[in-house]
Amino acid sequence: MEKNILKNKYYLYLTEFFAGMAVMAVELGASRLLAPYFSSSQIVWTIIIGTIMIAMALGNVFGGKWADKDPDPSKLFKRILIAAVWIGLIPVVGKYVILLVTGIMIVTISTGLLIWAAFAACMIIFVFPLFLLGTVTPSLIKYTVSDLEESGSVAGRLGACNTIGSIIGTFMPTFVTIPAVGTSVTFLIFSGVLLVIGAAYFIVNKKGKAAVGVSAVLFIICCIFGHDSKFAFWENDLTYEGESVYNYLQVKDTERATYLSTNVMFGVQSLKMKQKDLTGLYYDYALAAPAMAGVAAKASADETKDILILGMGTGTFATQCMKYYPEAEITGVEIDQSITDLAHEYFALPEDVNVVTYDGRAYLNADQKKYDVIMVDAYQDITIPFQMSSVEFFTLVKDHLKENGVMVMNMNMHSIQEEGTQSAPAEDITFYLTDTVASVFPNVKTVNVPGSTNRELFASVNVDLQEGLSAGMEKISDEDLSAQLAKVEKGLMDIERGSRIFTDDKAPVELLGMQTIDTIIRDEVGYYKEVFKEEGLSGLIEVL
């Protein structure tokens, strides 16, 4: 019987097909597993692709050697079973491994924390099963080629099956399984596929009952404990937790406010206050932009006041503008429709706020309208998209502003340490963004948001921002907003123009962002590092 199944080349081609599919599905799943903790930046993707390629290369080398040395197909299919079980275990233990690795790195690594933690987690979680799957192709070539004259054709067909499987394994998780059932179940689905392929060999040949039985039991255990897509497993009171095509999404409700986070370890992306309208965060400081642009002034019959928000989130800034600048018409652009759905369900986003599901820059390219205020608040996890940080992008923003229009930009990457101190970065990303904006707009000012890593930047072609704010404040009747704008006026800073310019061709925003985050994390955990150095692990545990 064993000879029959090996001679059935369709079965071997199917094995190659599903192995290729599983590799790409795991790669896509890896990005979603790591993203809530490390972001889905190009740097993290580079780490994922690099480690997986290492695993596949080693698998190809050793798979070929093992097939030549011991051409017993049972060993290949046992490796497939082991890979299947390991992949099934990823949603069960993967998030714990990530936090353990990160915790170790925090007290041992001084620079490149996120990079090294992501690399170590990726190596521990994903390299071994993909190494095993890397042994499939050379082994199958050994078992499939019966005549050297057809070796090229057989290798070509196996390669084609692997490639087609990889294509399907690329599209299916992104567009079907992850949005429908989540990352955890996606891992389990492809684990199950590999399990069936490996088990079929042993069942047909009436051998390896123990291997199949143990694998099946472990897979069932993985399904029981690993089907939950709960990344923030230490949170017991989340209002909502789920995944979209673009993001991991988490809504938390407290007595003070409702919060949206698109990752586990870093910050809040949007919020709605319950007892008052001002948040105490950067949104309040951005409210100075409409005042600078004269939005508070009464519009004439043939004139409208228009505000565009690129990076709408759940509408924190839009809701504030509707309250404090009711004469303005607001348009929000948000790339993730799921976030917009959450905005209406949990954050009471008014229905008359026009929200467009689109990329911010692509929207500007298609839009012909001009605005009094354009708010740029687009972040991809913890880094700003490079295409919305370049001189070409800010030129596009300038072209969409009215004569006395103002751009306000949230820059969430500056160190809260004073410039020039030992822990402050020599050049954080906000310096580059400021220089880039200043190369397009003649009038630029910034203001720091106290107690945070946010810095708001205001820019205009024709408006003197300081004078514009003073004039706008005279037309504000709300006492809370007046007090907030007074804070902004007092904190406005002139900028020193430099030559650090981002372009579409060269904008290393992710690398600079990671460096700044390293500095922030280093400042935050410095105390715990000192405890670890002086008192060891026991002292650190006692402090925690």
*Kindly indicate whether Thr163 is in a helix (DSSP H, G or I), touching a helix residue (DSSP H, G or I) at 6+ places or on another chain (Cβ under 7 Å), surrounded by 15 or more Cβ atoms within 10 Å (Cβ to Cβ) and among the hydroxyl-bearing types (Ser, Thr, Tyr).*
no
*Verdict on Pro129 being assigned to a helix (DSSP H, G or I), under 26 Å from Gly226 (Cα atoms), in contact (Cβ under 8 Å) with a residue 60 or more places away in the chain and over 23 Å from the mean Cα position of the chain (by Cα)*: yes
*Are any of the residues in the stretch 455-467 touching a residue at least 60 places away in the same chain (Cβ under 8 Å), among the hydroxyl-bearing types (Ser, Thr, Tyr), crowded, with 21+ Cβ neighbours inside 10 Å and farther than 26 Å from Met322 by Cα?*
no
*Looking only at the stretch 177-228, count how many residues are modelled with pLDDT under 90, surrounded by 18 or more Cβ atoms within 10 Å (Cβ to Cβ) and aliphatic (A, V, I, L, M).*
1
_Please go through (1) surrounded by fewer than 22 Cβ atoms within 10 Å (Cβ to Cβ); (2) within 23 Å of Val93 (Cα to Cα); (3) without any contact (Cβ under 8 Å) to a residue 24 or more places away in the chain; (4) polar (S, T, N, Q) for Ser151 and return the number of the only condition it doesn't satisfy._
(2)
*Looking only at helices (runs of 4 or more DSSP H) that fall completely inside the stretch 1-92, which ones have 3 or more residues that are crowded, with 22+ Cβ neighbours inside 10 Å and modelled with pLDDT of 90 or more?*
9-38, 42-69
_Just the residues that are in a loop (DSSP other than H, G, I, E, B) and among the β-branched types (Val, Ile, Thr), please, taken from the stretch 332-367._
Ile335, Val353
*Would you mention how many residues in the stretch 357-387 are closer than 25 Å to Pro326 by Cβ and within 16 Å of the chain's Cα centre (by Cα)?*
1
*asked:* What's the total number of residues in the stretch 468-499 that are hydrophobic (A, V, I, L, M, F, W, C), within 20 Å of Glu403 (Cβ to Cβ) and crowded, with 18+ Cβ neighbours inside 10 Å?
replied: 1
*What number of residues within the stretch 391-412 satisfy the criterion of being outside any strand (DSSP E or B) and modelled with pLDDT under 95?*
1
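Please tell me if Ala296 is in the same structural domain as Val376 (by TED's automatic domain parsing), in a helix (DSSP H, G or I), of a type outside the set (Ser, Thr, Tyr) and touching a residue at least 40 places away in the same chain (Cβ under 8 Å).
no
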*Within the stretch 309-331, can one find any residue that is outside any loop (DSSP other than H, G, I, E, B), within 20 Å of the chain's Cα centre (by Cα), surrounded by 20 or more Cβ atoms within 10 Å (Cβ to Cβ) and in the same structural domain as Lys445 (by TED's automatic domain parsing)?*
yes
*Residue by residue through the stretch 86-139, note down the ones that are hydroxyl-bearing (Ser, Thr, Tyr) and over 24 Å from Pro73 (Cβ atoms).*
Tyr96, Thr102, Thr108, Ser110, Thr111
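The values are calculated or read from the model by the stated rules, or taken from the named source; none is laboratory data. As the structure is a computational prediction, the values presented were derived from the model and not from experiment. We place every Cβ from the backbone using ideal geometry, glycine too, and count neighbours over all the protein chains shown.
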